Structures are given as structure tokens and as C-alpha cells.
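Scroll down for the structure; my scribbles are underneath it.
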Amino acid sequence: AAEQGEGENGRCTTKLESMGFRVGQGLIERFTKDTARFKDELDIMKFICKDFWTTVFKKQIDNLRTNHQGIYVLQDNKFRLLTQMSAGKQYLEHAPKYLAFTCGLIRGGLSNLGIKSIVTAEVSSMPACKFQVMIQKI
Amino acid sequence: ICSPQNYPLYIRSVPTENELKFHYTVHTSLDVVDEKISAMGKALVDQRELYLGLLYPTEDYKVYGYVTNSKVKFVMVVDSSNTALRDNEIRSMFRKLHNSYTDIMCNPFYNPGDRIHSRAFDNMVNSMMMQVC
């Protein structure tokens, strides 16, 4: 029964992520309608961290790190979807559900701008979380 | 309107005879669009604008291009005899197209990459073309 729960959980997360993906595509189309053309990948990531994040979550990403080889880590120290939960370890295992949609959002936004990627998220201490973006070179 | 993979999402022409000729023109102009975009990396052409301007004039008509940040290309073919059409008007037509395209993208029932079958979009394009012809 526990395994069934696990499978269900996985399917839900995937569904949430794909919903986020579609929404991300539409949102990016709307947000970039009046902006200038992007110069490069880093420019696009900065846009996601500043304008995109601000419009959706009313704050910017606190920290962006990259290894300049296609891996970016976006750190949000006070992620809006997690602030309402207790800051201890209690709900750590439930956090991924809340992050799945946002992962899809990032992936969808990037895909509409011509970037294929894999986005994962991890929470080490609420309400801070990190989104890792791996750019796929086709 | 062409997708990032260069297949058409939407084509409309008024009047409807010689439609094939227009389709062909649009197809060939895609090369010019791609050329302009790749040139932007090297030359210091205005990188910040989405509007590409006059792609190339032929004997009978002029072709204008516009590329969105999501790499969707809009191509407009206008009769050369229509000299009343100014650059501003072309820009505003592309703006309208872009706005309507954005609305379509946000429609949850629309799958990106499909042909566009929207009555609202058709109406918008119709009224725009009526204004010009």
C-alpha cells in the first residue's frame, strides 16, 4: 500500500510539472512580448530570475550560480509557496509537491525561448529552496 | 505565422487567387529572416528590436518580417502598389498579430505547434487586412 502511495505521488508530481510547463510557455510569451531580444543564454536566465520571478512571485531570485557549462542554480531564500509552512523539518518531505509546478513553469518558459532543459528542485531548510536547471544541448 | 521549426502555423491571403504564389514567397522569405537573425550576433544591427523591417522587395510586392522572443516568425507580403502603407502601420499590424498570438498561446486548449484555428484570431486578421486593402 505504501508503494501504491509512492507511485501515486510520483504521478501527481509529474502531472503538476507538465501543467506548469504549459503555463510557463504561455506566460513567457506574454512577458517577452514587449522586451528586447535576448543576447544569450545567461541573459535569458537573468530574465527568469528577475522579471519572470518578480511577476509570478513578487520577488526576485536571491542567488543565481552557474558553472558556465549549462548548469544554473537558482536560489530563493523565501519561496512564496513555502512561507506558509512551518520552518522546521516537519513538512520537508511534502515540499516537493509544491515545487513541481514551479519546476514546470521554469522548464516551459525556457522551452518557449528555445532552450531545452531539465529542472529539479530541492529544499534543505524551509522556506529556502534551490532550483537546478540543466541545459540540454541538442 | 511560422513556428520556430519553420513550418506554417497560419496563412491567410486577400484576395484569394494566386494564393500559392504568396505561400511560396513566404517560404523563401524565411531564409532571409534566418539570415537577419544570425547576422545580429555578428554585426551591430539593432539587436533590441523584434521588428525586422523590409526583408526584400520584389517586382510586385514587399515582404516584411518580425520575430518574437520565442522564435515565432511573422511574415507579411504587401502589394507594392500600396504606397500608402507606412512603416508605422506595418509595425502596428505586427504588434496586433503578436498580441493575438500571445492570447492564443495562453489558451489552455491550444497546443503549441498546432495549426491555429481561432475565430477571434481570424476576425482580427480579417479586419486588419480590410483596413489595408
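Restricting region B:93-133 to residues that are hydrophobic (A, V, I, L, M, F, W, C) and not in a helix (DSSP H, G or I) leaves a set whose member that is surrounded by the fewest Cβ atoms within 10 Å (Cβ to Cβ) is B:PHE109. Among the residues of region A:65-79, count how many are of a type in the set (Asp, Glu) and open to solvent by 80 Å² or more (accessible area, probe 1.4 Å). Looking only at that region, the number is 0. In region A:102-138, the residue that is most open to solvent (accessible area, probe 1.4 Å) out of those that are in contact with a strand residue (DSSP E or B) (Cβ under 6 Å, 6 or more places away or on another chain) and charged (D, E, K, R) is A:GLU122.
Here is a yes/no grid of residues against (1) away from every other protein chain (no Cβ under 14 Å); (2) open to solvent by less than 50 Å² (accessible area, probe 1.4 Å):
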residue: A:CYS12; (1), (2): yes, no
residue: A:MET19; (1), (2): no, no
residue: A:GLN25; (1), (2): no, yes
residue: A:ASP34; (1), (2): no, no
residue: A:ARG37; (1), (2): no, yes
residue: A:ILE48; (1), (2): no, yes
residue: A:ASN63; (1), (2): yes, no
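Examine region A:85-94 for a residue that is open to solvent by less than 30 Å² (accessible area, probe 1.4 Å), more than 14 Å from chain B (Cβ to nearest Cβ), of a type in the set (Gly, Ala, Ser) and more than 26 Å from B:CYS106 (Cβ to Cβ), and state whether such a residue exists. There is no residue in region A:85-94 that is open to solvent by less than 30 Å² (accessible area, probe 1.4 Å), more than 14 Å from chain B (Cβ to nearest Cβ), of a type in the set (Gly, Ala, Ser) and more than 26 Å from B:CYS106 (Cβ to Cβ). Against the conditions (1) over 26 Å from B:PRO112 (Cα atoms); (2) β-branched (Val, Ile, Thr); (3) within 14 Å of another protein chain (Cβ to nearest Cβ), A:VAL73 satisfies every one except (3).
The values are calculated or read from the model by the stated rules, or taken from the named source; none is laboratory data. For clarity, every value in this text was computed on a predicted model and none was experimentally measured. Positions of Cβ are backbone-derived with ideal geometry, glycine not excepted, and every protein chain shown enters the neighbour counts. SASA here: full protein model, heavy atoms, side chains in, ligands and nucleic acids out. Shrake-Rupley method; radii C 1.70, N 1.55, O 1.52, S 1.80 Å.
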